[in-house]
Structures are given as C-alpha cells and as structure tokens.
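What follows is one structure encoded as structure tokens, with my remarks underneath.
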Amino acid sequence: MSFGQRYEYPSVRTLPFTDLHLTFVTETVVVRDLHHRYGTTPALDGMSWSARAGAVTAVLGPNGAGKTTTIEMAEGLRRPDAGEIRVLGTDPWQASAQHRARVGVMLQEGGLPGGTRPSRLLRHLARMYASPVEVDPLMDRLGITAFDRTTMRRLSGGQRQRVALAAALVGRPEVLFLDEPTAGLDPHARRDVWTLVKETRDNGVTVVVTTHSFEEAERLADRVVVLARGRVVADGSVAEVAGAHGLEQSYFSLTEDVR
Amino acid sequence: MSAAAPPATRVRAQAAFETRTLLTNGEQLLVSVLLPALALVGLATASVPDLGSGRRIDLAVPGVLALAVVSTAFTGQAIATGFDRRYGLLRLLGVTPLGPRGLLAGKAVAVLSVIAVQTVLLGGLGLALGWRPHWSGLPAALLLMVLGAWAFVGIALLLAARLRSEGVLALANLIWVLLLLGGGLILPTDRLPAAVRGVVRLLPSGALGDGLRAALAGSGSVWLPLLVLLVWSLACSVVLSHVFRWTD
C-alpha cells in the first residue's frame, strides 16, 4: 500500500552511450507529475503512476478525477501542460506511426462512423498495420458477426462497445488502453470481455483499464490506481488497495472528500 | 513486434474508405454538381460579369471547374472534418498509424474521385454549351486540379483541426463566398482591382482559376499557378503535422 508515497521515477533506464538506444522497460506506461488545466479548471494536479509490463492496471476514480484526460495523453491525443509521459519508452505526443502501431486504444462511447458497418471499419483499421489479427475470427469472438449487417448508428451501446474493443485489438498491440470497456454490457458480454482481456494480458500485453466498476477492477486488475481531483490517492495491488474492508469501502473513503 | 503498414498502404486504405463514403453520399454529390452547373448556365447565358477577352464560354468553364474543386476539397472537407472531430470520429483514426499527413493524403485522393465526377459532368455540360477547350492543355489542367485538391484539403484540415465545428462551418462558407467573388476562381485575376490582383494571384484560388484558364483557354502561362499551388500544398502538409488535433 502506498498512500501518498512519493513516486520513484527512474523506472525507465536508458544506456546513453549505445547506438541502439537500448531501453529496459519494466514499466510500460509511466506518468510523472502531470499538470493540466482546461481554461481555468484544473484537471490534473501532479498525477504520477505507472503500469507494469504484462499486467492489467485498473485506473479507478470518480467523474472529473482526470482518468480520461490522463489516458488521452498516454494515447498521444492530448498534450499535458506540464509533466512527462512515457509509453514503451516514448513520448506519445506526435509519436511516430511505428509507435502508434504498438498501442491499441478503445475509446469511450462515440467515435464510430455512423453510416458504416462494423466489418468495413475493422477491415479498414486492419490495413493500417503490418500484421493485424484476422478480422473474421476477432468478430466471431466478440459476437460482432451476428450484427454486422447493421450500420454503426443503429447498434446498441453494448454492440458499439464490442466494435470499439475489436478496433483496439486489431493491430496486435503491445499496450492496450481500454476506457470503460464493459460499461453498458450485459453480464455474459462482460464476462466474455474480461476473459479476452485476461488472455491478451497472458500473451504479454500491458493493459490499462479505466473503470467505475469495483467488480471489474477486482476481477481483472493486477494493480489498482485510485484517482481523485487530478492526483493519485492510492496505488498498489488489488489486495493492498482493498485493505481489510474491501475495494469498495476503501474507494469510498479515499474519494469521499471530493464529492 | 507490432508494426505499422507502410505509409503508401495506409494512405491507399484511407483513400478507399473515404472515397466510398463520399461517393455513396448521393445528396452531397448532387449538390456538388448542381451548384456549379447552375453557375455555368448562368455565366453562359448572361453577359456579366466581364470575363475578359476571348470566347466567354471558354473562360467560364475553367472558372466553374475551379469553383467545383474549392467547394469539394475545401468547404466540404472542412465542415465534414470539423464535425468528425467534434463527434470523436477523428480520435479513432488519431490512435492508428495513419497520422495527420496520411489523413490529408487519403482525403485528397478521395476528393479527387468526386472532382473527377464533377469535371466529367460539368465539362460535358460546357461542351453542350459550346465550350471549345485547348485539349493540349488537359494534362496541365489535371495537374493543377490535383495540386488544387491537395492544397485546399490541407487548408480545410488546418481549419477543422483548430476551430470549433460551428466556427469551421461559418468560416468555411464565408471563405467560399469571398473566393467566389474575389478569389480569382470565376473572375480572372486581371479583372480584379489592381490593388488586390497581385495578392490574389498568390492565393491557391487565384492560382487554380488562372491556371485552369491558362491551360484550357490558352490565356497565359500555367507555370506561376503550378508553382503557387505546389508551395501551398507543401506548406499545408508541413504545418498540418505540427498543429493537427484529433480531439475536440
């Protein structure tokens, strides 16, 4: 358990005198002392955490805690006012195409082209990668084939979630960012997604999941980071953060004062 | 290790995706042909504005083709991309290996397919109205249209990447009207007031209008217009990769 523990940065060690720029990365995602404002509203206030290679890290926190902002920065979609992010040893802002190919992203609801059928979108995205997964088995696995004759705007929320997850997986990523992956899914679909995410992790992929669900964090995560008011308020294994009273109790006492 | 597809493959994929999206949008396609067609019929039947010396229809058709390029490549793409950004569609592409320049190239190629449809239909209408183009100028005209599409899609994406979608909507339409009236599209730059003539020749709209008239009506040199459009295209591509934003 490490409430308020000072973050030790040098987790990414580089050998400066080699032509190969060898990087030993034990922590695939490193977020260090991020500060960000939207206008005058502070969003991030010294955010620091990291995600270990080959593990599932769950980022928990109330609305407005800075989850999506931080994840978007790690995905290279947003640039922090101050602080540092490294994903696979690279600054994600304006990173190369080769870097983006190694990172898979599932965005929150929205962002799927309304007039397009799922398979057309997924095949299109697959063409951006040198060795994508086969689209048909992926669609079967996520149950997308059954509703593939429908355009995106007519899909249910849960169906769209599954397409968004497939979009994140299609490029065989080494790091996977999932923004609330099972929001709006029924219990069967949730279980299927969790199984798939664990399998992906077991293949060596680093997974970062933002979620509101304690059950999701408990079932899925190797480590938990709890955010409130743009800072980390707890960071450790699920057992450590849950403590004696369970994750839910612990979460409420950690984030109570922000509401 | 996961790797990106080669840049050319990514651009081809994006171009194919966007082309199909554009060509299956029937209403939009109709408008993109109908409005310039009305302008052409109007110019062919009226005697104002003065288009300069030469057969009127021979000067009108290249101008209308230039207008069609600007409508499709600039106004249409700026508005569409502005709303794509607002509704999160761009974020989906922003996390793939495509990149801002890949998006620009893909959109420019896709836009050319619509411009090809416009050119065939408007050219056919022009021929029916008595247009006698200098066929030898056709290769130069096609090159000008490709560069024009590239430059104007680039400007469209710059606008869409930096402004709110409502702002893009207003500004893209305003710029279209300004270019129509005084941008050298329909009205040759030598018909414009002397004070602005020199500047408009260096705008992509003036270069496209004058260039197409030069190529297809033999009314001057195509070299300056080609150079101007090339500089705008390259400049937009370079600036775009630095300032493009995928999120709202």
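Read the figures in this text as sums done on the coordinates, not as results from a lab. As the structure is a computational prediction, the values presented were derived from the model and not from experiment. Cβ placement follows ideal geometry from the backbone for every residue including glycine, while neighbour counts extend to all protein chains displayed.
Per-structure values
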| quantity | calculated |
| --- | --- |
| Under 18 Å from the B:ARG245 label point (7 Å along Cα→beta-carbon), backbone N, the stretch B:74-115 | B:78-95, B:100-101 |
| P(r), alpha carbons of the stretch B:7-243 - 5 Å bins starting at zero, rounded % | 1, 7, 14, 20, 20, 16, 11, 6, 3, 1, 0 |
| Peptide-level mean, for A:149-159, of C-beta atoms on other protein chains within 10 Å | 0 |
| Test item: B:7-20 mean partner chain Cβ contacts at 10 Å | 2 |
| Computed lengthening from A:SER253 to A:GLU240, 0.36 nm per intervening residue step minus Cα-Cα distance | 3.2 nm |
| Tail weight of P(r) past 32 Å, computed on alpha-carbon pairs of the protein assembly as shown, percent | 49 |
| Ranked B:VAL196, A:VAL207, criterion: other C-beta atoms within 10 Å, fewest first | B:VAL196, A:VAL207 |
| Neighbour-count order for B:TRP150, B:TRP223, fewest beta carbons within 10 angstrom listed first | B:TRP223, B:TRP150 |
| Extension gain from A:GLU215 to A:ASP45, taking 0.36 nm per residue of separation minus the Cα-Cα distance | 58.4 nm |
| Surrounding net charge for B:VAL109, when Lys and Arg each add one and Asp and Glu each subtract one, Cβ distance under 10 Å | +1 |
| Where labels lie 7 Å past Cα in the beta-carbon direction, separation of B:LEU227 and A:ASP81 in nm | 4.7 |
| Exposure proxy order (Cβ contacts within 10 Å, fewest to most) of B:SER32, B:SER205 | B:SER32, B:SER205 |
| Span from the the stretch A:217-256 Cα centroid across to the the stretch B:118-148 one, whole angstrom | 67 |
